[in-house]
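Trainee: Here it is: the structure, laid out below.
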């Protein structure tokens, strides 16, 4: 299968909006909600995410392998897992943001930890089979990037739209809370809306792509009889491949940097740039515009200068434009808070940054699909679920390692909990600038080092496909 119909690509991409909404809640509100509103130490919030990440290290490859081996004439290999995740995913998201009144700090920690694990497990049931399905939809070098860019576009558009709705209609300011994002009572209805949308997007995407199941690859006998020893051998073989190793470490490193930046985004917008709730509602538009631009840019750029070169370029541009507002502010070369030009200039930098980032992520997922083909040529076994479980795990490091580091960085700059803007020391505000600028820029650039070792060019991929076609 090479070219997908617009219908299939649209409904497949729609499913990724569910993960986008979850990401928006986790990255924009989770730490802020539990730390600044409920009073949980930010370092405990980070530790909670790290504990959940250890469960992901087991659940992600397990679900990946199960979906690789699954047999169903009616539902195929991936769709049963996707559909089964819908209601648990939505319910756990809602309960995560609804801890009982009167919990102690350790009670909040265990509530966050327990439901954080359940949310991430439900996400695994959906997203690992889902992105594995994406790799099966086409073997064309350029079309694969178009598929990954399509699903990222839906997440980049619909998730910000939901966050904007939240800022405007739910997280409304009041006399007691000039910034409505700090008012606990504003959250229940907003989280309920997000939970319902997550369930709907998953169900619609799953049901509306059922017609492609007959044309998808079936598990081989080797996969059906895969033992634990053979599974470990497959993982060992994968890590011996420079293509897999470099791509996994690149995405992990990049996701940690993105995680720190996005998780601290409420602190940056509220305390560093002093945006109002209305102004904060404008910022997600940059992600949506970036998603559309990436959909247009990524396939052509990856085809023209190769996926590796395009991913490096995208990472460099994302790193520069995400961090420049902070670095320039530290030396007095960026508009100050409350200036008329601040919001416009900041949104422009974010549009460029998000466009570049979505291009990079689109290419990264497409590159992993190429790695799966390389593995099949070497081993005679095809295991999209196993390989893409590492991409899912890398993404979860955004709120795992990223949250942990973000918590310690807040402690490092001595940022107070449950406080008003006027009470935050100037040194702590400047510390946010150091984190958002020089520290994050260093992490983004560090990720690129791993990508230099990725060996699959377009020419090499065509050789891989030729080898696989000879076996048929």
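Trainee: If I ask for residues that are within 18 Å of residue 357 (Cα to Cα) and out of contact with any helix residue (DSSP H, G or I) (no Cβ under 9 Å at 6 or more places or on another chain), which ones from segment 323-347 would you list?
Mentor: none
Trainee: Could you check how many residues of segment 205-225 are surrounded by 14 or more Cβ atoms within 10 Å (Cβ to Cβ) and at pLDDT 85 or above?
Mentor: Going through segment 205-225 one residue at a time, the tally reaches 7.
Trainee: Can you tell me which residues in segment 408-456 are surrounded by 15 or more Cβ atoms within 10 Å (Cβ to Cβ), within 26 Å of the chain's Cα centre (by Cα) and without any contact (Cβ under 8 Å) to a residue 24 or more places away in the chain?
Mentor: 431
Trainee: Select, from 157, 165, 202, 131, the only residue that is in contact (Cβ under 8 Å) with a residue 24 or more places away in the chain, under 26 Å from residue 269 (Cα atoms) and surrounded by 19 or more Cβ atoms within 10 Å (Cβ to Cβ).
Mentor: Details: 165 fails: surrounded by 19 or more Cβ atoms within 10 Å (Cβ to Cβ); 202 fails: under 26 Å from residue 269 (Cα atoms); 131 fails: under 26 Å from residue 269 (Cα atoms).
Of the residues listed, the single one that is in contact (Cβ under 8 Å) with a residue 24 or more places away in the chain, under 26 Å from residue 269 (Cα atoms) and surrounded by 19 or more Cβ atoms within 10 Å (Cβ to Cβ) is 157.
Trainee: Looking at residue 262, is it surrounded by 20 or more Cβ atoms within 10 Å (Cβ to Cβ) and under 20 Å from the mean Cα position of the chain (by Cα)?
Mentor: Yes: the conditions hold for residue 262.
Trainee: Inside segment 248-288, can you point out the residues that are in contact with a helix residue (DSSP H, G or I) (Cβ under 6 Å, 6 or more places away or on another chain) and either closer than 19 Å to residue 369 by Cβ or in a loop (DSSP other than H, G, I, E, B) (or both)?
Mentor: 248, 249, 250, 251, 252, 254, 255, 264, 275, listed by residue number.
The values are calculated or read from the model by the stated rules, or taken from the named source; none is laboratory data. These figures come from a predicted structure and were not determined experimentally. Cβ: placed from backbone, ideal geometry, glycine included. Neighbour counts: every protein chain shown.
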